Structures are given as C-alpha cells and as structure tokens.
Amino acid sequence: MRSKQSLLLIIMMILLNHHYMFAQESAQNQKNDNKAVNNPCPETPTVTYEGQVYNTVKIGDQCWLKENLNVGEMIMNTEEMEDNGVIEKYCYDNDADSCAKYGGLYQWDEMMQYSNQPATQGICPPDWHIPTHEDWVILEGEVDNHYDRWDEIWDGTSINRGYDVGYNLKTTDGWNPYAYGADSVGFSGMPAGNRNLLGNFNSIGNYAIWWVSETSVDKEGKDSEKPNNDESALYRSLSHQLHQVIMQTASNKNAFSVRCVRNY
C-alpha cells in the first residue's frame with residue numbers, strides 16, 4: 001500500500017514539475033512575443049545628423065539609434081581630445097573606414113561635451129541624449145530572456161548583468177569565431193574595440209563598449225551625480241566570452257563607442 005502511495009506521490013510531483021516548467025516556458029514565450037523585433041521607431045525611423053543617416057530601433061518603450069555614433073573630425077590616436085568647440089573622434093587604426101563601419105571612439109568628456117549632467121545631449125542629435133545607467137537598466141530588463149525589468153538582479157553594482165541580454169544585443173556576425181550573438185531586438189551591437197589610455201587601439205572583434213553618462217552608481221544601483229574630477233566613468237560592454245552585459249568604470253581618457261537614446 002505504501003509503495004503505491006509513494007509511486008502516486010512521485011507521479012504527482014513529476015506532473016507538477018512539468019506543469020511548472022510549461023508555465024515558465026509559456027510566460028517566457030509571451031515575453032518574447034511582446035518584444036518589438038528589429039522595428040524602427042514609428043515616429044522617427046531614421047535620423048539625419050551631421051551629414052549621416054542613422055537608423056532607429058524601438059525596444060520596449062525606448063527608441064535607440066541602431067548604429068554607433070560617427071560624428072566629428074578624426075584625430076590621430078597619439079592626440080588627446082580637447083574642449084575646443086570641435087567634436088573630435090578616433091577611428092580604429094586611424095582608418096576612416098573603421099569609423100564608417102563601427103562608428104567613432106570618444107573620450108568621456110568629449111562625448112559629454114564637457115558636462116557632468118546625466119542624460120545630457122552631448123554629441124548626440126537634438127532630442128536625443130547620452131544613455132544613463134537607468135536607460136541601460138530598462139534596456140537590459142527588456143531584452144534579457146530570463147529576468148524582466150523589475151527583477152532585483154538589475155539592482156546593485158554587479159559586474160556581469162542578466163542571463164543572455166548580451167547575446168541578444170550582439171550582431172550575428174563580425175565577432176571573432178564562436179562569439180556571435182542573436183541580435184534578437186535589432187540593437188546590432190558590433191565589436192568596435194577601443195582606444196586605451198596609452199593611445200593604443202585594441203579589442204576589435206572581441207568587445208563592444210559604450211559610455212554611460214554617469215560616473216558611478218551607488219550600492220543600490222542608483223545613478224550617482226558626483227563630480228567627475230577627471231577620473232572615471234561608467235560603461236556597458238559586450239564580450240566575446242559572455243552572454244551577459246558587463247558594467248564597470250574606466251578612466252574617462254579611454255575612448256569608447258557612443259549610442260544615443262531618444263528623449264522621453
């Protein structure tokens with residue numbers, strides 16, 4: 001009798017587990033179905049700025065530029081950017097074709113146009129701004145297939161964020177072998193590399209790195225507006241080794257890519 005009850009209990013547990021897994025999968029499929037996949041922003045499918053045309057992509061309630069910003073005059077990697085009224089950019093390997101493909105690389109102060117105000121326009125087009133930490137949190141929660149926008153995982157200052165948000169933001173080609181992404185929402189994150197503190201270009205094919213308009217976040221993961229003091233700033237990165245998004249700080253003398261998000 002006991003063996004029959006035990007067997008019945010096991011069967012019930014298996015059925016409950018299957019039901020739970022089915023419910024989880026159905027909820028995830030519903031989330032995926034609700035995502036806008038590679039759709040331009042209805043009111044602004046393209047943006048013409050400084051002689052270039054950028055595509056837009058609607059991700060959740062946000063409107064992002066689909067390409068990295070490529071604005072300004074190219075300077076050599078041995079030069080430092082200055083507050084001289086002229087937008088300056090680096091092109092990987094000092095090759096203008098790299099800027100045409102990947103966008104320019106900018107030091108944080110140049111990108112911000114020498115402001116410390118989060119969500120400033122900086123070098124973005126009018127009605128657009130440099131993404132804040134919160135802008136990225138919203139994007140991450142919208143794109144990740146495991147954690148939604150309101151999950152506590154997005155709080156705090158963890159370096160590796162989410163489950164597969166990085167994989168979903170990366171392009172399906174252009175990355176070093178076996179590092180391609182799904183580009184499931186049309187963000188099209190390309191591995192543009194960077195120009196480091198020593199003036200050297202590196203990491204093309206392996207990393208996509210974008211500046212954030214804050215210098216730090218506090219321990220609860222909230223935006224910090226403390227003065228920059230020519231030290232460091234926040235960035236988000238995609239790696240050839242991870243499916244997550246990386247959040248860290250780096251010297252603002254590094255030069256990274258820039259994406260713009262439309263004002264709300």
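Quick note: the coordinates plus some simple rules give every number you see, no bench work behind them. This one's a predicted model, so the numbers in the text were calculated from it and none came from an experiment. For neighbour counting, all protein chains shown are included, and Cβ atoms are generated from backbone atoms with ideal geometry for every residue, glycine included.
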ask   = Label points 7 Å out from Cα along the Cβ direction at Thr48 and Tyr264: separation in nm?
value = 3.1
task = Take the alpha carbon gyration tensor of the range 58-262, find the square roots of its eigenvalues, order them as a ≥ b ≥ c, and report rounded if a/c is under 1.5; if not, report prolate when a/b exceeds b/c, else oblate.
result = oblate
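Ranking Ser98, Ser216 by Cβ neighbours within 10 Å, fewest first, what do you get? Spell out each step's value before the answer.
Working: Ser98 21, Ser216 17.
Lowest count first: Ser216, Ser98.
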message = Students often forget the sequence filter, so: which aspartates and glutamates lie under 16 Å Cα-Cα from Lys253 once same-chain residues fewer than 8 apart are removed?
response = Glu79, Glu80, Glu82, Asp83, Glu88, Asp109, Glu110, Glu214, Asp230, Glu231
task = For a footprinting-style exposure proxy, rank Asp173, Asp155, Asp164 by other Cβ within 10 Å, fewest first.
result = Asp173, Asp155, Asp164
ask   = Can you sort Thr56, Thr157 so the residue with the fewest Cβ neighbours within 10 Å comes first?
value = Thr157, Thr56
